[in-house]
Every structure is written in structure tokens, then in C-alpha cells.
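As C-alpha cells, the structure follows; a few thoughts come after it.
The values are calculated or read from the model by the stated rules, or taken from the named source; none is laboratory data. All values derive from a computational prediction rather than experimental measurement. Cβ atoms come from the backbone with ideal geometry, glycine included; neighbour counts cover every protein chain shown.
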Amino acid sequence: MPLDSLYTLLVTELRCIYQAENQLLTALPQMATFASTPALKQALESHFSETEEQVRRLEQAFAELGAAARGRRCKGMEGLIEEIEDILEEASDDEAILDTALIGAVRRVEHYEIAAYASAVSYAELLDEARVATLLRTSLEEEKAADRELSRIAEAEVNAMAVVAGTEEAIEA
């Protein structure tokens, strides 16, 4: 589909987001199994449920726009998920280090999604697609909340444990 109008740009953006969210539905359960901090595990499991809802909202947005609900290859999310897979393969045996690395990688995913949803909301508003904008804004706010929760978990629980783990490893070396 050539990007020859704001409408086609919106639909193309939604297809990329749709694919990205579906990729996350595959990746999030794996990430949750690697998380050792209960709050992080819970946040990832919660985000899985939110992501399922976000996919449903995207399908509603496609219907509102009269466009087919289908994904478009999302290279950005593919790269972010590859980074997470690399972290899971290369991670230290120390759970705090793994959780810290996992939070950083998942926050990058959240920021990617925030940027994508924010752009799509803007396009929908410019096209006077108020119902679509509302659906997308709900998902945008969920992504922002997920990022804040991950930040809270990092700052309140995980990062300090990672510092201790790093200090212990340096002493042992």
C-alpha cells in the first residue's frame, strides 16, 4: 500500500503495531518465565493480558476505518525481541542481573510502543476518527503505565540487588 494519504499512513502504522503486539504475545510468556523478582514476573504476566486487549482494540480500530485487520512486518519490534532473546541467552546466573537486564530491554519495547501509539493517535485525530483515537489512546496510556511500573520495580527492588551482585562478583574475581 503506497503511503499516499494520512489514512494509508494510519492503516500502515496500525498494521505494524498489530504485528508488534502479536509478536509480544509470543515473547512475553517466555520473558516472564525468566523473571525471578515476583513483581517483575507479575508485571510481565499483567502486560500479556493488556496486550491481548490491545490487539482486540486494534481490531476494532481497523473495523472503524474499514480496513482489514492484518499485520505488517515490524522490523523494529523484531529487533527489540531479538535483543531480549540475546539477553536471555547471555545473562549471568545471577537473578538480579538478569532481571535488571530484562527490565531495561522491556522498557525499550514499551518506549517503541509508546512512540507508535502516540503517532497513530495523532493521525486518527487529524482524520477526525475520534473513536479510533480513543481506542488507541487507551492502549497508549496502558503502555505508559507499564513503563512506569517497570521503572518502579527497577528502582525499588531490582537495581540495588544487581549492584550488590556486581560487587560480589568483582570481589570474587
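I need the full set of residues from the stretch 53-100 which are farther than 24 Å from Thr37 by Cβ, small (Gly, Ala, Ser) and outside any loop (DSSP other than H, G, I, E, B), in order please.
Hits for the stretch 53-100 are Ala61, Ala63, Gly76, Gly79.
Going residue by residue through the stretch 140-151, is there one that turns out to be modelled with pLDDT under 95, in a helix (DSSP H, G or I) and surrounded by fewer than 15 Cβ atoms within 10 Å (Cβ to Cβ)?
Yes - at least one qualifying residue is present in the stretch 140-151.
The rows are residues; the columns are (1) surrounded by fewer than 19 Cβ atoms within 10 Å (Cβ to Cβ); (2) at pLDDT 95 or above; (3) in contact with a Pro (Cβ under 7 Å, 6 or more places away or on another chain); (4) of a type in the set (S, T, N, Q).
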residue	(1), (2), (3), (4)
Ala20	no, yes, no, no
Gln30	yes, no, no, yes
Thr37	no, no, no, yes
Leu58	no, yes, no, no
Arg73	yes, no, no, no
Met77	no, no, no, no
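So which of Leu24, Leu14, Leu40 ends up being part of a helix (DSSP H, G or I) and closer than 28 Å to Val163 by Cα?
None of the other options fit; the residue is Leu40.
Enumerate the pairs (first residue in the stretch 50-72 and of a type in the set (S, T, N, Q); second residue anywhere and part of a helix (DSSP H, G or I)) with beta-carbon separation below 7 Å, excluding pairs fewer than 6 apart on the same chain, so at least 6 apart or on different chains.
What qualifies is Thr51/Glu21; Thr51/Leu24; Thr51/Leu25; Thr51/Leu28; Gln54/Glu21; Gln54/Ser139; Gln54/Glu142; Gln60/Leu135.
Would you mind telling me which numbered condition in (1) of a type outside the set (Asp, Glu); (2) buried (at least 21 other Cβ atoms within 10 Å of the Cβ); (3) over 14 Å from the mean Cα position of the chain (by Cα) Ile97 fails?
Of (1) of a type outside the set (Asp, Glu); (2) buried (at least 21 other Cβ atoms within 10 Å of the Cβ); (3) over 14 Å from the mean Cα position of the chain (by Cα), only one is false for Ile97: (2).
For Leu80, indicate whether it is in contact (Cβ under 8 Å) with a residue 40 or more places away in the chain and under 21 Å from Gly104 (Cβ atoms).
no
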